[in-house]
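We did not get these values from a lab; they are worked out from the coordinates using the rules stated. Since the model is a prediction, treat every value here as computed from it, not as a measurement. Neighbour counts run over all protein chains shown; Cβ positions are idealised from the backbone, glycine included.
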Amino acid sequence: MRLHVESELLAYLDGELDERQHAAVEAHLAECAHCSAELETLRVLQLELDAMLDAALKPVRLPSPADQRIRQRLFVRTSPPWWSLWQRRGLIAQAAMALLIVVSAVSILLPPPRGDGAIGALLHWFAGTRNTRRPA
């Protein structure tokens with residue numbers, strides 16, 4: 001029989017042991033009445049501490065409606081501003097594509113410019129149809 005496992009009982013109780021250590025402690029507990037009694041004492045103590053902690057904190061806890069209001073306000077204050085959505089690359093790419101589609105649709109649907117003004121001449125030059133008329 002190996003030495004008592006009292007130093008490992010808290011980790012065993014909390015589920016912090018790996019499989020090998022867990023199996024070793026269980027095997028020891030099956031043979032050792034002293035360690036089994038110590039484990040039971042720790043379980044009772046843990047339950048009593050949990051109950052005492054709940055009883056001690058009950059006067060400190062807020063009523064549910066107040067707690068919900070505070071959580072709502074914290075959520076609103078910690079929410080990112082609307083412009084943070086534009087920081088995402090996907091939304092920026094979608095906005096650029098939408099702008100390109102709108103500009104293309106407008107340039108296709110609008111009639112060609114009339115007259116020989118500077119803007120008309122520039123548009124004709126870009127289109128490849130230069131004004132061949134010479135000023136008089």
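Summary table below
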read-out: GluC sites (Glu not before Pro) restricted to region 1-38 and DSSP loop, no more than 14 other C-beta within 10 Å; value: E16
read-out: In region 18-82, trypsin sites (Lys or Arg not before Pro) in a DSSP loop with at most 14 other beta-carbon atoms within 10 Å; value: R61
read-out: Sites H4 and M52, calculated FRET efficiency, Cβ-Cβ separation with R0 35 Å, nearest 0.05; value: 0.80
read-out: Theoretical FRET efficiency, 1/(1+(r/R0)^6), r = Cβ-Cβ of D18 and A66, R0 41 Å, to 0.05; value: 0.40
read-out: Efficiency of FRET from Cβ geometry, L109 and R89, R₀ 35 Å, rounded to 0.05; value: 0.70
